[in-house]
Amino acid sequence: MMRASHATAGAPTPVQFEVRPSNFDDRQAIYDVLMRSEVFGRADAECVDAMFLETWQSPPREDSYRWLSCWHDGRMIGFACYGPESLTDRTWDLFWICVSSEARGRGAGQALIAAAESQARQAGGRLMVIYTSSTPKYAPARRLYERAGFARVAVVPDYYAEGDDLNIYWKRL
Ligand SMILES: CC(C)(COP(=O)(O)OP(=O)(O)OC[C@H]1O[C@@H](n2cnc3c(N)ncnc32)[C@H](O)[C@@H]1OP(=O)(O)O)[C@@H](O)C(=O)NCCC(=O)NCCS
């Protein structure tokens with residue numbers, strides 16, 4: 001379990017988050033966080049749910065998905081899914097990160113990304129890579145990655161759709 005707090009000049013009382021490995025009981029809360037995200041829809045939530053089930057239903061492998069849940073005041077408010085990229089030398093991916101829309105802007109995203117990096121580093125990770133979209137609704141995610149020290153190292157034009165580029169973020173762990 002990791003504890004994180006975040007304070008700003010306007011917010012003297014640090015907000016306390018608890019970031020811990022998810023357990024199977026977090027399945028519905030993860031689904032709900034995605035459905036309330038105002039960014040992702042049912043298809044995304046179903047895709048994450050299938051990844052979540054696969055993690056618990058398959059024998060653990062070196063490249064199994066890892067999950068982190070972020071708690072505040074007894075409520076799960078966000079999660080991250082990350083893990084090693086198959087067939088690479090210790091490159092890890094952050095596959096998903098999402099915080100409930102009503103809980104944003106208080107450091108939960110930062111706490112989740114810091115915990116994913118720290119866990120990957122402890123497991124011997126060398127690099128972390130994140131794929132994201134260039135569209136305005138992903139601007140908070142791009143800022144989060146840049147603030148966490150990730151560099152945008154590649155852009156693949158029109159990857160997701162016409163006018164919706166793939167941005168690849170990269171950080172040495
Ligand atoms: C991207 C996302 C995970 C960020 O989560 P978050 O919890 O809002 O992230 P943080 O609170 O750590 O940072 C957000 C902002 O709040 C600010 N902040 C953090 N703690 C703060 C505090 N205690 N007081 C005031 N501001 C604070 C940060 O500086 C940051 O500001 P900026 O966006 O202007 O740079 C969230 O916006 C989200 O779930 N988006 C939808 C899903 C998504 O896009 N996922 C990524 C797909 S690739």
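The values are calculated or read from the model by the stated rules, or taken from the named source; none is laboratory data. On a predicted model such as this, the values are computed, not experimentally measured, just so you know. Ideal geometry is used to build each Cβ from the backbone, glycine not excepted, and the neighbour counts take in all protein chains shown. Remember, those area values only see protein heavy atoms, side chains included, never the ligands or the DNA or RNA. Shrake-Rupley method; radii C 1.70, N 1.55, O 1.52, S 1.80 Å.
Details
- Residues (open to solvent by less than 40 Å² (accessible area, probe 1.4 Å) and either closer than 18 Å to residue 132 by Cβ or of a type in the set (Asp, Glu) (or both)) located in region 41-67: 41, 45, 48, 49, 51
- The single residue among 125, 78, 109 that is out of contact with any helix residue (DSSP H, G or I) (no Cβ under 6 Å at 6 or more places or on another chain) and of a type outside the set (S, T, N, Q) turns out to be 125.
- All positions within region 78-96 that are touching a residue at least 24 places away in the same chain (Cβ under 8 Å), touching a Lys or Arg at 6+ places or on another chain (Cβ under 9 Å) and surrounded by 20 or more Cβ atoms within 10 Å (Cβ to Cβ): 78, 80, 81, 82, 84, 92
- From 113, 130, residue being in contact with an Asp or Glu (Cβ under 8 Å, 6 or more places away or on another chain), over 19 Å from residue 55 (Cα atoms), open to solvent by less than 20 Å² (accessible area, probe 1.4 Å) and of a type in the set (Val, Ile, Thr): 130
- Extreme residue, farthest from the ligand (Cβ to nearest atom), among residues of region 97-110 that are surrounded by fewer than 22 Cβ atoms within 10 Å (Cβ to Cβ) and of a type outside the set (Gly, Ala, Ser): 102
- Qualifying position, being touching a residue at least 12 places away in the same chain (Cβ under 8 Å), closer than 22 Å to residue 17 by Cβ and more than 7 Å from the ligand (Cβ to nearest atom), among 130, 113: 113
- Residues that are in contact (Cβ under 8 Å) with a residue 40 or more places away in the chain and either touching a Lys or Arg at 6+ places or on another chain (Cβ under 9 Å) or not in a helix (DSSP H, G or I) (or both), drawn from region 116-126: 116, 117, 119, 120, 125, 126
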